[in-house]
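K.L.:
The structure under discussion is supplied below as structure tokens; questions concerning it will follow.
The values are calculated or read from the model by the stated rules, or taken from the named source; none is laboratory data. This one's a predicted model, so the numbers in the text were calculated from it and none came from an experiment. Here the Cβ positions follow ideal geometry from the backbone for every residue, glycine too, while neighbour counts run over all protein chains shown. We work out accessible area using only protein heavy atoms, side chains counted, and drop any ligands, DNA or RNA first. Shrake-Rupley method; radii C 1.70, N 1.55, O 1.52, S 1.80 Å.
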Amino acid sequence: MKTQPINILLADDDIDDCLFFKEVLDKLIVCTCLTAVHNGEQLMQLLTKQHHKLPDVLFLDLNMPRKNGFECLLEIKLNKLLEQLPVIMYSTSNEQEVINLLYKNGAQYFIRKPAKISQFKEIIQKTLTLIAQGNILQPNRENFAITV
């Protein structure tokens, strides 16, 4: 397990969801450092800035203004400097077509945003444990969606 904090970049336009995410991180036993951006353009500007250290993991909301999660994921995976960045897609959507497309486009995992904070905490803990253990390669299709 990694002893340094896990540097997390969160891209989500919903301020309440960002606060919810931070609240969940504060309750975890894993040490983290969170940076948040609120649209896809901000995300890509931050990631492509020269001399910017990449985060350990990116949690990317599917539905954002200016540039959505699909567009950002494609840009990241087509960029030689960013392609190794573990991208965890998350959304309230649970459409199989969407999940299949995210898998095909190179996301590491998919999380459906749960309504209860206890479930969200469990899912984030599970995800960060996988990342901290070095499980950053895309799993087989049946293990792609992380659930509680």
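K.L.:
Given the conditions (1) open to solvent by 50 Å² or more (accessible area, probe 1.4 Å); (2) in contact (Cβ under 8 Å) with a residue 24 or more places away in the chain, and given that Lys80 satisfies all but one, which numbered condition is not satisfied?
P.N.:
Lys80 satisfies every listed condition except (2).
K.L.:
OK, next. As an exercise: evaluate Thr32 against (1) within 15 Å of Val87 (Cα to Cα); (2) open to solvent by less than 50 Å² (accessible area, probe 1.4 Å) and give the number of the one condition it does not meet.
P.N.:
Evaluating Thr32 over (1) within 15 Å of Val87 (Cα to Cα); (2) open to solvent by less than 50 Å² (accessible area, probe 1.4 Å) leaves (1) as the failure.
K.L.:
If you check Lys53 against the conditions, is it open to solvent by 40 Å² or more (accessible area, probe 1.4 Å) and in contact with a Gly (Cβ under 6 Å, 6 or more places away or on another chain)?
P.N.:
On the way: open to solvent by 40 Å² or more (accessible area, probe 1.4 Å): yes; in contact with a Gly (Cβ under 6 Å, 6 or more places away or on another chain): no.
When the stated conditions are applied, Lys53 does not pass them.
K.L.:
Can I ask one more? So for the range 13-24 (the condition being free of Cβ contacts under 8 Å to residues at least 60 places away in the same chain, among the β-branched types (Val, Ile, Thr) and open to solvent by less than 20 Å² (accessible area, probe 1.4 Å)), does at least one residue qualify?
P.N.:
Residues of the range 13-24 that are free of Cβ contacts under 8 Å to residues at least 60 places away in the same chain, as a first pass: 13-16, 18-19, 22.
Filter again for among the β-branched types (Val, Ile, Thr), leaving 15.
Now narrow it down to the ones that are open to solvent by less than 20 Å² (accessible area, probe 1.4 Å): none.
No, every residue in the range 13-24 fails to be free of Cβ contacts under 8 Å to residues at least 60 places away in the same chain, among the β-branched types (Val, Ile, Thr) and open to solvent by less than 20 Å² (accessible area, probe 1.4 Å).
K.L.:
Yes or no: the range 65-72 includes at least one residue that is open to solvent by 30 Å² or more (accessible area, probe 1.4 Å) and in contact with a strand residue (DSSP E or B) (Cβ under 6 Å, 6 or more places away or on another chain).
P.N.:
Kept after step one, since they are open to solvent by 30 Å² or more (accessible area, probe 1.4 Å), are these residues of the range 65-72: 65-68, 70-71.
Narrowing further to those that are in contact with a strand residue (DSSP E or B) (Cβ under 6 Å, 6 or more places away or on another chain): none.
No - not one qualifying residue is present in the range 65-72.
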